[in-house]
Amino acid sequence: MTASKIGRYSKFIRPISILMDVMVISCTASFILKNLNINLVDFIVYLNIGWILTAIFLDFYAIYRFTKVIEIISKIIKQGVIFLLIVIAFFPFSVQAVFNVNCIAVFFISSLGLITVLKLLLFYCLKTYRIVVGSNYRQAVIVGYTPESIQLKELFERKKEYGYHFLGFFSDKQVNPEIKGNLVDLKTFVQANKIDEIYCSLNEVSNTQLKDLLDFADEHNKTIKFIPDTKEIFAKNLKIDYYDFFPVLSLKETVLNEPAVKTFKRFFDIVFSLIVILGILSWLAPLLAIIIKLESKGPVLFKQGRPGMEEKQFYCYKFRSMRMNSRSETEALKNDPRVTKTGRFIRKTSLDEMPQFINVLLGDMSIVGPRPHLWSQNKMYGTKIKKYMLRHYVKPGITGLAQVSGYRGEIETEKDMVNRIKMDVFYIENWSLILDLKIIYMTVANIVKGDKKAY
């Protein structure tokens, strides 16, 4: 899999594109459809949800610097056809709504026309921006010195609008002045020069070397793509892209990498956390605050730095369940003497985690995702357990698949952490809304019946 390995400002492009489309749909609907005897706010929400869900299934926002204009137009046509059906489908279920063909036609043509213009304008502006300003470029290297890899290097140099800086070849099998070094030198070079993408010729690496490169790319959050010796697809988890007419294989991104999915998940997080904060935390927090303060000295909330998305630190909030101590980077053990009587209860029922809904609202966490580990655990297991660092490709969660699968609490052996990471990686690679809802349900069920590992 690949992660959110987007350089410079690229990570903002898709969210901006989604926001522009939503604004176009909302504004055109407000002006053109206001006389159809419908609740305009409800209809606009319906239209935008329909647009975003359609975009998710059709990969509408999966546009890259090497995408052809004809592909963009094809995506717009597919998206437009489905969206039109969604618009029409609203009226049979609304008794008071007036179906006016002319209004619907004007709205559809106007909104889709504006979206098309904005999409193409953004695409061309970014290409021009990269050429003129020389910014938002990707740093790239190629493993292997073959006719195919030389063609790719020439393509990078010829197609400036793609936005790639080629920094050299690496090969164990060839000798040439253009070759920077061998595969051993590659790793140091990639880290020292902040390389974004590694292109690997499948002709020049063994299976062992390929596996080592994949592990290195995962560990250091680098994108790795493959230069095939034929146009065949070598595995189901590989997808083929064409840079002009040059085929390049890359590992498929997970659904969680899609901007539309990220937007939907964030919307779900905000709504869910607001419901909990206003409906439960608003009265529970003052009550627990009094009990915690009466039993032991110290603050009501415990704040601790944890590694979040892309391993950036954020402060994770909990209701304080321990007496004040100097061993906060040490995980709680069974019958831990630091835990207070109130602390045992709120830890057993997971009430100590409730303030993390504030973290969700702030955008540091998600409702569901890999649980944020201690920094000490990151340092201990980050290089020892394969794919450990993949968990930082998404926001950490209040609850997660590992926790509801029995892998929460104390890490007694390295195998406990391995099993936890397996669950986290499975979640990242197989995300769905149904899976999130199932994890939430299982979390509530575990709280009700009690979890023997919650201490």
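Annotation note: of 436, 424, the sole residue that is touching a strand residue (DSSP E or B) at 6+ places or on another chain (Cβ under 6 Å), more than 15 Å from residue 350 (Cα to Cα) and either among the acidic types (Asp, Glu) or open to solvent by 80 Å² or more (accessible area, probe 1.4 Å) (or both) is 436.
If you take the residues in the stretch 145-198 that are open to solvent by less than 60 Å² (accessible area, probe 1.4 Å) and among the hydroxyl-bearing types (Ser, Thr, Tyr), which one is nearest to residue 210 (Cα to Cα)? Top of the filtered list is 171. Looking at residue 205, is it modelled with pLDDT of 90 or more and surrounded by 14 or more Cβ atoms within 10 Å (Cβ to Cβ)? When the stated conditions are applied, residue 205 does not pass them.
Does the stretch 410-425 include one or more residues that are in a loop (DSSP other than H, G, I, E, B) and free of Cβ contacts under 8 Å to residues at least 24 places away in the same chain? Yes, the stretch 410-425 contains a residue that is in a loop (DSSP other than H, G, I, E, B) and free of Cβ contacts under 8 Å to residues at least 24 places away in the same chain. Only one of these conditions is not met by residue 12: (1) touching a Cys at 6+ places or on another chain (Cβ under 7 Å); (2) modelled with pLDDT under 85. Which number is it? Among (1) touching a Cys at 6+ places or on another chain (Cβ under 7 Å); (2) modelled with pLDDT under 85, the lone unmet condition for residue 12 is (1). Filtering 57, 83, 31, 12 for residues that are among the aromatic types (Phe, Trp, Tyr), outside any loop (DSSP other than H, G, I, E, B) and crowded, with 19+ Cβ neighbours inside 10 Å leaves a single hit, 83.
The conditions of being surrounded by 15 or more Cβ atoms within 10 Å (Cβ to Cβ), in contact with a helix residue (DSSP H, G or I) (Cβ under 8 Å, 6 or more places away or on another chain), farther than 30 Å from residue 139 by Cα and aromatic (Phe, Trp, Tyr) are met by residue 43. Being surrounded by fewer than 17 Cβ atoms within 10 Å (Cβ to Cβ), part of a helix (DSSP H, G or I) and aliphatic (A, V, I, L, M) is not true of residue 104. The residues of the stretch 167-200 that are in a loop (DSSP other than H, G, I, E, B) and over 13 Å from residue 144 (Cα atoms), listed by number, are 177, 193, 194, 195, 196.
On the basis of being at pLDDT below 85, closer than 30 Å to residue 196 by Cα and in contact with a Lys or Arg (Cβ under 9 Å, 6 or more places away or on another chain), does residue 158 make the cut? No; evaluated as a whole, the condition is false for this residue. Taking first residues from the stretch 184-208 that are on the phi < 0 side of the Ramachandran plot and among the charged types (D, E, K, R) and partners that are assigned to a helix (DSSP H, G or I) and open to solvent by less than 20 Å² (accessible area, probe 1.4 Å), the Cβ contacts under 7 Å between residues at least 6 apart in sequence or on separate chains come to 187/216. Quickly run through the stretch 154-189 and pick out the residues that are more than 30 Å from residue 125 (Cβ to Cβ) and of a type in the set (A, V, I, L, M, F, W, C). 169, 170, 175, 179, 183, 184, 186, 189, listed by residue number.
Taking every residue in the stretch 20-47 that is in contact (Cβ under 8 Å) with a residue 24 or more places away in the chain and pairing it with any residue that is part of a helix (DSSP H, G or I) and among the charged types (D, E, K, R), at least 6 positions away or on another chain, the pairs with Cβ-Cβ distances below 9 Å are 20/119; 21/119.
The values are calculated or read from the model by the stated rules, or taken from the named source; none is laboratory data. Computed from a predicted model, the values in this text were never measured in an experiment. Positions of Cβ are backbone-derived with ideal geometry, glycine not excepted, and every protein chain shown enters the neighbour counts. Quick note on the areas: whole protein, heavy atoms, side chains included, nothing else; ligands and nucleic acids left out. Shrake-Rupley method; radii C 1.70, N 1.55, O 1.52, S 1.80 Å.
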